[in-house]
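Asks: Handing you this structure, nothing more for now.
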Amino acid sequence: MRSAAPGLVGQRTADGIETCWVPRDQLRALLGAAQRQAFEMLFDLTAIDERVREHRQEQPAADFSVVYQLLSVSRNRDLRVKVALLEEDLTLPSICDLWPNANWYECEVWDLFGIRFDGHPHLRRILLPPTWEGHPLRKDHYARATEVDPFSLDAARQDREQEALKFCPEDWGMQRQSDDSDFMFLNLGPNHPSVHGVFRVALQLDGEEIVQAVPDIGYHHRGAEKMGERQAWHSYIPYTDRIDYLGGVMNNLPYVLAVEKLAGIEVPARAQCIRVMMSELFRIASHLVFYGTFAQDVGQMSPVFYMFADRERLFGIVEAITGGRMHPAWFRIGGVAQDLPRGWERMIREFIDYLPARLDEYDSMVLDNRTLKRRTRGIGVYSSAEGLAWGASGPGLRATGLDWDLRRKRPYSGYEQYDFEVVTASGGDCYDRAWVRAEEIRQSLRIVRQCLDHMPAGDYKARHPLTTPPPKDRTLEDIETLIQHFVNSSWGPVIPPGEAAVAVEATKGMNAYYLISDGGTLSYRTRIRTPSFPHLQMIPLMSRGLFVSDLIAIIASIDFVMADVDR
């Protein structure tokens, strides 16, 4: 392709995102210029092992490539920057000084691909144990435990593992206040702090005041992206349910949208409406969990029981429609698994008529509570600019006053047809993050009611040949569709070569899948950009100078699950 600028090479992609390759020595200059041009957020940073990829036409020679995806909120624009690297020289300059959230992303690329970032303040294993050998997202790293010798732990190895777990404060940016002073530490975890997931926060304290708070993640890592390389496009859908395990089908949505963009599949209007309705029902379910546990973490015991009861009532509807509850894995490439069952309208109408009065009670019980307000107002504050610099999204960003919601700014699945308000607050503290989510439940009810009243007729799944699986009734009509059903369900559809990233406004913020097809039945690269990963990285920013009790309120207000962080 023709160069877009000296040294730059453009690339066409299925998602239409402006993409360019830049030489390593020009990387920081280009990224710095992009930041000055109002690309406020480093949306994602990842890598690709290119060594066995066949379809790389019009791309520079590379053994590995590093991908920077930038987001301009003010201009509503994306930019993807790629750097080609050869195996004998896998180094790049760090950009932690440009976007602070690059810290964890660069650690992740080093951990999983072995690419170093010169100038990084603390490049380390972040998802895997410090003694792990190899880099798992390389193509020559094993994918299954059966591909290596059985695990054994003799006394010498156990000693090495224990030694590697020792915490060295200086490595984490902690400093003594004077030569004759020592550190005072409090380890929060690695059990379930405030029952949000298995992670640790190492606290450096001055009395009860937090001098430094260092999140330590990776205890929940299961290799979800590696699994994406050995599952057919269709059979990987249930794995997506387990990322934000409170989000249900909301996890399926960006994945199937990205596959559909690669395959050129147009989803019928009825299927789109069903997807929106089910996604908003799971947004309600997730926010109810947040609302109840937030109150519990700050000291209220009763609300969580009432809210979980309402969530159970909602799960009864989900089960009646999909056959599953928390993890129905119900969306499909091209649509949804089945059409809506008889009686779905009555169940949903009863629920959306019932819940508003309950929400009013919850607001009186929780958000109007004076003790909760004292514990959460003015605590864990950050501004819109800080949120963008750290990669914050969703209610955590809208609580700072920024009106940014992908359902409105970049409508997908027909969201442009729905009448709802984007909820924002102005304080950017723990209280506002809770208030925004509580109000979003009401807006989700509003969207669900519109789905209920205006559900289109027609197909629940596209009739495209790569739709997986094809509608069952057609398999009884002609042998070609029966063969297609068998092949797509067993081997999986063959998706054309290409790259596509699709982001949605998930329960906790912007969730995106960046998929690369090499023209086969498996994904060549599955990248999952989750909202919780950058949100946890903000804990030091939000908690420094506060007290340990404030940290509990901060953790509660983030609304994360560790599977969404570690993947």
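Asks: Report yes if residue 193 is closer than 21 Å to residue 550 by Cβ and modelled with pLDDT of 80 or more, otherwise no.
Replies: The answer is no for residue 193.
Asks: Sort out which residues of region 449-480 are within 17 Å of residue 234 (Cα to Cα) and either of a type in the set (S, T, N, Q) or in a helix (DSSP H, G or I) (or both), and write them in order of number.
Replies: Scanning region 449-480 gives 467, 468, 472.
Asks: So which residues in region 282-310 are modelled with pLDDT of 90 or more and either touching a Ser or Thr at 6+ places or on another chain (Cβ under 6 Å) or under 15 Å from residue 348 (Cβ atoms) (or both), if there are any at all?
Replies: 282, 283, 284, 285, 286, 310
Asks: Under 8 Å between Cβ atoms, which residue pairs at least 6 apart in sequence (or on different chains) link something in region 480-494 that is in the same structural domain as residue 228 (by TED's automatic domain parsing) with a partner that is of a type in the set (Lys, Arg)?
Replies: That search, which allows pairs on different chains as well, returns 481/474; 485/472.
Asks: Taking residue 326 as the residue in question, decide whether it is more than 29 Å from residue 426 (Cβ to Cβ) and either touching a Gly at 6+ places or on another chain (Cβ under 7 Å) or not assigned by TED's automatic domain parsing to the domain that holds residue 431 (or both).
Replies: Spelling it out, residue 326 is indeed more than 29 Å from residue 426 (Cβ to Cβ) and either touching a Gly at 6+ places or on another chain (Cβ under 7 Å) or not assigned by TED's automatic domain parsing to the domain that holds residue 431 (or both).
Asks: Residue by residue through region 261-275, note down the ones that are in contact with a helix residue (DSSP H, G or I) (Cβ under 9 Å, 6 or more places away or on another chain), aliphatic (A, V, I, L, M) and under 28 Å from residue 12 (Cβ atoms).
Replies: If the condition is that a residue be in contact with a helix residue (DSSP H, G or I) (Cβ under 9 Å, 6 or more places away or on another chain), aliphatic (A, V, I, L, M) and under 28 Å from residue 12 (Cβ atoms), then 265, 267 are the ones that fit.
Asks: Return the residue satisfying two criteria in turn: it lies in region 524-537 and is assigned to a strand (DSSP E or B) and in contact with a Lys or Arg (Cβ under 9 Å, 6 or more places away or on another chain), and of such residues it is farthest from residue 252 (Cα to Cα).
Replies: In this case the residue turns out to be 524.
Asks: Sticking with this one: With the checklist (1) among the small types (Gly, Ala, Ser); (2) touching a Phe, Trp or Tyr at 6+ places or on another chain (Cβ under 9 Å); (3) at pLDDT below 90 in hand, flag the one item residue 102 doesn't pass.
Replies: All conditions are met except number (3).
Asks: Please pick out the residue among 355, 388, 372, 359 that is over 26 Å from residue 309 (Cβ atoms) and either in a helix (DSSP H, G or I) or at pLDDT below 90 (or both).
Replies: 388
Asks: Among 558, 539, 528, which is crowded, with 19+ Cβ neighbours inside 10 Å, of a type in the set (A, V, I, L, M, F, W, C) and more than 14 Å from the chain's Cα centre (by Cα)?
Replies: Of the residues listed, the single one that is crowded, with 19+ Cβ neighbours inside 10 Å, of a type in the set (A, V, I, L, M, F, W, C) and more than 14 Å from the chain's Cα centre (by Cα) is 539.
Asks: Residue under question is residue 450, and the condition is that it be more than 25 Å from residue 241 (Cα to Cα), polar (S, T, N, Q) and buried (at least 17 other Cβ atoms within 10 Å of the Cβ); does it hold?
Replies: Considered against the rule, which asks whether it is more than 25 Å from residue 241 (Cα to Cα), polar (S, T, N, Q) and buried (at least 17 other Cβ atoms within 10 Å of the Cβ), residue 450 comes out as yes.
Asks: Here's another thing I want to ask about it. Among the residues of region 492-515, write down those that are buried (at least 23 other Cβ atoms within 10 Å of the Cβ) and either at pLDDT below 90 or more than 16 Å from the chain's Cα centre (by Cα) (or both).
Replies: Listed by number, the residues that qualify are 493, 495, 499.
Asks: Related question: What are the residues in region 75-121 that are surrounded by fewer than 15 Cβ atoms within 10 Å (Cβ to Cβ) and among the polar types (S, T, N, Q), if any?
Replies: Of everything in region 75-121, those that are surrounded by fewer than 15 Cβ atoms within 10 Å (Cβ to Cβ) and among the polar types (S, T, N, Q) turn out to be 76, 91.
Asks: Same structure again: State the number of residues belonging to region 118-169 that are of a type in the set (S, T, N, Q), outside any helix (DSSP H, G or I) and within 23 Å of residue 199 (Cα to Cα).
Replies: Counting residues in region 118-169 that are of a type in the set (S, T, N, Q), outside any helix (DSSP H, G or I) and within 23 Å of residue 199 (Cα to Cα) gives 1.
Asks: Scan region 423-431 and give yes if some residue there is in a helix (DSSP H, G or I) and at negative phi, otherwise no.
Replies: yes
Asks: Also: For residue 73, indicate whether it is outside the structural domain of residue 393 (by TED's automatic domain parsing), among the β-branched types (Val, Ile, Thr) and touching a helix residue (DSSP H, G or I) at 6+ places or on another chain (Cβ under 7 Å).
Replies: Considered against the rule, which asks whether it is outside the structural domain of residue 393 (by TED's automatic domain parsing), among the β-branched types (Val, Ile, Thr) and touching a helix residue (DSSP H, G or I) at 6+ places or on another chain (Cβ under 7 Å), residue 73 comes out as yes.
Asks: Moving on. Any residue in region 297-308 that's within 12 Å of residue 553 (Cβ to Cβ): show its pairings with residues that are charged (D, E, K, R) and crowded, with 16+ Cβ neighbours inside 10 Å at Cβ separation under 7 Å, as long as the two are six or more apart or on different chains.
Replies: 298/375
Asks: Is it the case, given these coordinates, that residue 172 is at pLDDT below 85 and outside the structural domain of residue 336 (by TED's automatic domain parsing)?
Replies: Against the criterion (at pLDDT below 85 and outside the structural domain of residue 336 (by TED's automatic domain parsing)), residue 172 qualifies.
Asks: Also, I was wondering about something else. Every residue in region 29-46 that is touching an Asp or Glu at 6+ places or on another chain (Cβ under 9 Å) and within 20 Å of residue 116 (Cβ to Cβ), please.
Replies: Result: 45, 46.
Asks: Restricting the first residue to region 54-82 and requiring it to be modelled with pLDDT of 90 or more, which pairs with a second residue that is of a type in the set (Ser, Thr, Tyr) meet a Cβ separation below 7 Å and a spacing of at least six or different chains?
Replies: From residues that are modelled with pLDDT of 90 or more, the pairs are 67/46; 80/19; 81/68; 82/19; 82/65.
Asks: Is one or more of the residues making up region 364-385 basic (Lys, Arg), surrounded by 15 or more Cβ atoms within 10 Å (Cβ to Cβ) and within 22 Å of the chain's Cα centre (by Cα)?
Replies: no
Asks: Another question, then. Being under 29 Å from the mean Cα position of the chain (by Cα) and small (Gly, Ala, Ser) is the filter; apply it to region 446-491 and report the residue that is modelled with the highest pLDDT.
Replies: Once the filter is applied, the top-ranked residue is 462.
Asks: Right, another one. Looking at the structure I just gave you, is residue 375 within 30 Å of residue 271 (Cα to Cα), in contact (Cβ under 8 Å) with a residue 12 or more places away in the chain and outside the structural domain of residue 43 (by TED's automatic domain parsing)?
Replies: Here the answer is no, as residue 375 does not meet what is asked.
The values are calculated or read from the model by the stated rules, or taken from the named source; none is laboratory data. These figures come from a predicted structure and were not determined experimentally. Heads up, the Cβs are rebuilt from the backbone with ideal geometry, glycines too, and the neighbour counts pull from every protein chain shown.
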